[in-house]
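Below: one structure, written as structure tokens.
The values are calculated or read from the model by the stated rules, or taken from the named source; none is laboratory data. Just so it is clear, the structure is predicted and the values come from calculations on it, not from any experiment. Every residue, glycine among them, receives a Cβ derived from its backbone with ideal geometry; neighbour counts consider all protein chains shown. Quick note on the areas: whole protein, heavy atoms, side chains included, nothing else; ligands and nucleic acids left out. Shrake-Rupley method; radii C 1.70, N 1.55, O 1.52, S 1.80 Å.
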Amino acid sequence: MRYVQSNLIILVIVVLFGCSQGPDSKEFTKPNILLIVVDDLGYSDLDCYGSEIKTPNLDNLAHQGVRFTDFYVSSLCAPTRAMLLTGVDNHQNGLGTMPPGHTENQYLKPGYEGSLNNQVVALPEIMHDNGYHTYMAGKWHLGHHKESYPANRGFERSFAFLGGGSGHFSNAFALGPGEQPVTFYVKDQDTVESLPNDFYSTKNFSDEMIKYITEQEDDSPFFGYLAYTAPHDPLHVPDEYLDKYKGVYDVGYEKIKKDRLARMKKIGIVNQTVPYNPGTGKFSQWEDLHDKDKKSQARKMEIYAAMIENLDYHIGRMIDTLKKIEKYENTIFFFLSDNGANPKEAVFYPGNSKEFLAENFDNNFSNLGKSNSFVSQGGSWAEVSNTPFTYFKTTTGEGGIHAPLIIAGPSVKIRNLATNSGMHVCDIFPTVLDLAGITRPDNYNGNELAPLYGFSAMKFLSGDDVQVRNTTINPLHFEMVECRATIKGKWKAMMLQPPYVDNPEWQLYDLSTDPLEKQNLASQQPVRLQELTQEWDKYAKNVGYIHAEGELLIIKIGPQEFYKYDSLGK
Ligand SMILES: [Ca+2]
């Protein structure tokens, strides 16, 4: 975050990737890249970002590289993943909005195809073309017709979940009837008919990636995309993890939030002046709850925390495997969350109702976290996960679009650094290409490509630049489900939608003094606000943003009809 003073930057030990062996060197060995994405994990949910949740493997990784404290993503899953894999703004790469969020006037329009379109080249395509083995395990969410499968966008081997989320165990139920048509797994070109009885998403995604990497017979480098669905709801974790955090959250939301803030200050993730954030006031305070509700609330967070510790354990298995086969030394890791923590309950998903959930799931206390339960983190805990920020997933508030990012590996010589350099998810694509010494073409498969929105972090990682992106010169722009934002230097203009605010109006914040977005300066600084909103308007026009009009189309035509479109949005 830009309010972290540069003197908080710790222990910068010089510089990068085998020092003299830059991509231009004859001795340059192309590094393996392991790109790890987790789903709906909040800004402060890792130990190395201030959490009480134990994540020793990720902490280790963080100490062998750089943690970004000012990294931005989209407020929803698929748009972030599309930008990650293409470096192109989501309104140009096909994820102008996330299915099934289309209104009728947006449906199947250019940039809103609902899958990666032909104006982008995906990282696996370009990496594979340049001699990399390309492997994927995890959530795809970038098209559900065969032409869009990971196998047909550059992945040599893949085991992928195509929807937005599902039960984490073998029954893999849909988030709701509206998600049913896209709730399935594929292996390479084929639909997976059934999952093994002992299936658990995090474990099996890791097993697949380990298999791909260890079965590789030649010495070519690999690009691995490990896109976990944890800790997205439903909150599920294997039995042996269920009680790992028993009692930890009985102290309530506010105490955990205060403890996290104190730890974040201690380890240099936030500035000492950042105040306690009471939240949006839209969700319960701990003292408002009856004892029975406190018990179930604490249990939900126990399961959520256990999911994250379990994620860390399996990431540790990946790292151990790479060490065992002697590929660790030449692997660069990227770890990020795709958006902020999620305040929505299960009833939010299209087609769900309280009656439907009661009929289909057993949410009795003793059954929470098991395969036939369906509970979510909920708003109060999501606000704790997003400490110190306000707002959450789906919004362009800092809690929705500010995520943890670690870039690390034995060959990364910047050590144990928490940097406040600006960085956007689109910046990862050119960074990976630079690390691999690959140039992005202007055309791909006969199609002219949309312009890159991203900037390479290579110079920053090699110590030749103090930041990845100067947002005063290259502002960041966001739009998702009509929540908007422009960040230019320390200034942020933001528009939220009901129910997050009463009226959708532009607000203005100085993030250097007010990262919690509590003091709207719009009426005090109308000229500055206008400058930013004009930049947003220009951006929106450039990228082909289409204003949402009317209700969601899926409500009118139903999920089967809605999801009939093909990979080209026809
Ligand atoms: Ca997500």
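Selection within the range 471-515: residues that are outside any loop (DSSP other than H, G, I, E, B) and among the β-branched types (V, I, T). The member of this set that is nearest to E549 (Cα to Cα) is T486.
The rows are residues; the columns are (1) out of contact with any Gly (no Cβ under 6 Å at 6 or more places or on another chain); (2) open to solvent by 70 Å² or more (accessible area, probe 1.4 Å); (3) among the aliphatic types (A, V, I, L, M).
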site	(1), (2), (3)
F429	no, no, no
T439	yes, yes, no
Y444	yes, no, no
E448	yes, yes, no
P451	yes, yes, no
M458	yes, no, yes
G463	yes, no, no
T472	no, yes, no
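Conditions (1) of a type in the set (D, E); (2) open to solvent by 10 Å² or more (accessible area, probe 1.4 Å); (3) over 30 Å from E561 (Cβ atoms), marked per residue:
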{"residue": "E52", "(1), (2), (3)": "yes, yes, yes"}
{"residue": "S74", "(1), (2), (3)": "no, no, no"}
{"residue": "Q92", "(1), (2), (3)": "no, yes, no"}
{"residue": "G96", "(1), (2), (3)": "no, no, no"}
{"residue": "P110", "(1), (2), (3)": "no, yes, no"}
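Residues that are open to solvent by 10 Å² or more (accessible area, probe 1.4 Å) and either closer than 25 Å to P231 by Cα or within 16 Å of the ligand (Cβ to nearest atom) (or both) within the range 152-165 comprise R157, F159, listed in sequence order. The single condition from (1) over 18 Å from E52 (Cα atoms); (2) touching a Gly at 6+ places or on another chain (Cβ under 9 Å) that I269 fails is (1). For T513, the test of being open to solvent by 10 Å² or more (accessible area, probe 1.4 Å), without any contact (Cβ under 8 Å) to a residue 24 or more places away in the chain and over 27 Å from T103 (Cβ atoms) is failed.
Residues N360, N352, N386: which one is of a type in the set (S, T, N, Q), over 25 Å from S51 (Cβ atoms) and at pLDDT 95 or above? Exactly one of N360, N352, N386 is of a type in the set (S, T, N, Q), over 25 Å from S51 (Cβ atoms) and at pLDDT 95 or above, namely N360. Y107 fails exactly one of the following numbered conditions: (1) over 25 Å from G437 (Cβ atoms); (2) of a type outside the set (K, R); (3) within 16 Å of the ligand (Cβ to nearest atom). What is the number of that condition? The single condition Y107 does not satisfy is (3).
Of everything in the range 330-348, what is part of a strand (DSSP E or B), among the aliphatic types (A, V, I, L, M) and away from the ligand (no atom under 13 Å from the Cβ)? Give them in sequence order. I332, the sole residue that qualifies. Within this structure, G131 passes the test of being in contact (Cβ under 8 Å) with a residue 24 or more places away in the chain, away from the ligand (no atom under 16 Å from the Cβ) and open to solvent by 20 Å² or more (accessible area, probe 1.4 Å). If you go through the range 75-104 and keep only what is assigned to a loop (DSSP other than H, G, I, E, B), farther than 22 Å from A137 by Cα and either basic (K, R) or away from the ligand (no atom under 16 Å from the Cβ) (or both), you end up with V88, D89, G96, H102, E104. When L35, L58 are screened for being surrounded by fewer than 24 Cβ atoms within 10 Å (Cβ to Cβ), modelled with pLDDT of 95 or more and over 22 Å from T396 (Cα atoms), only L35 passes. When the residues of the range 375-385 are filtered to those that are assigned to a loop (DSSP other than H, G, I, E, B) and away from the ligand (no atom under 13 Å from the Cβ), which remaining residue is least open to solvent (accessible area, probe 1.4 Å)? Here the residue is G378. Restricting attention to the range 58-99, the residues being closer than 27 Å to T331 by Cβ and in contact with a Pro (Cβ under 8 Å, 6 or more places away or on another chain) number 8. State yes or no: is A62 of a type in the set (G, A, S), more than 16 Å from the ligand (Cβ to nearest atom) and assigned to a helix (DSSP H, G or I)? Yes: the conditions hold for A62. Is at least one residue of the range 268-287 in a helix (DSSP H, G or I) and open to solvent by 50 Å² or more (accessible area, probe 1.4 Å)? Looking for residues that are in a helix (DSSP H, G or I) and open to solvent by 50 Å² or more (accessible area, probe 1.4 Å), one finds at least one in the range 268-287, hence yes. Annotation note: of L322, L405, L357, the sole residue that is aliphatic (A, V, I, L, M), touching a Phe, Trp or Tyr at 6+ places or on another chain (Cβ under 8 Å) and within 16 Å of the ligand (Cβ to nearest atom) is L405. Would you call E549 surrounded by 14 or more Cβ atoms within 10 Å (Cβ to Cβ), of a type in the set (D, E, K, R) and at pLDDT 95 or above? Judged against the criteria, E549 is not a match. Of all residues in the range 521-540, those satisfying the criterion of being without any contact (Cβ under 8 Å) to a residue 60 or more places away in the chain, more than 25 Å from the chain's Cα centre (by Cα) and closer than 26 Å to M423 by Cβ are L521, R528, L529, E531, L532, T533, Q534, D537, K538.
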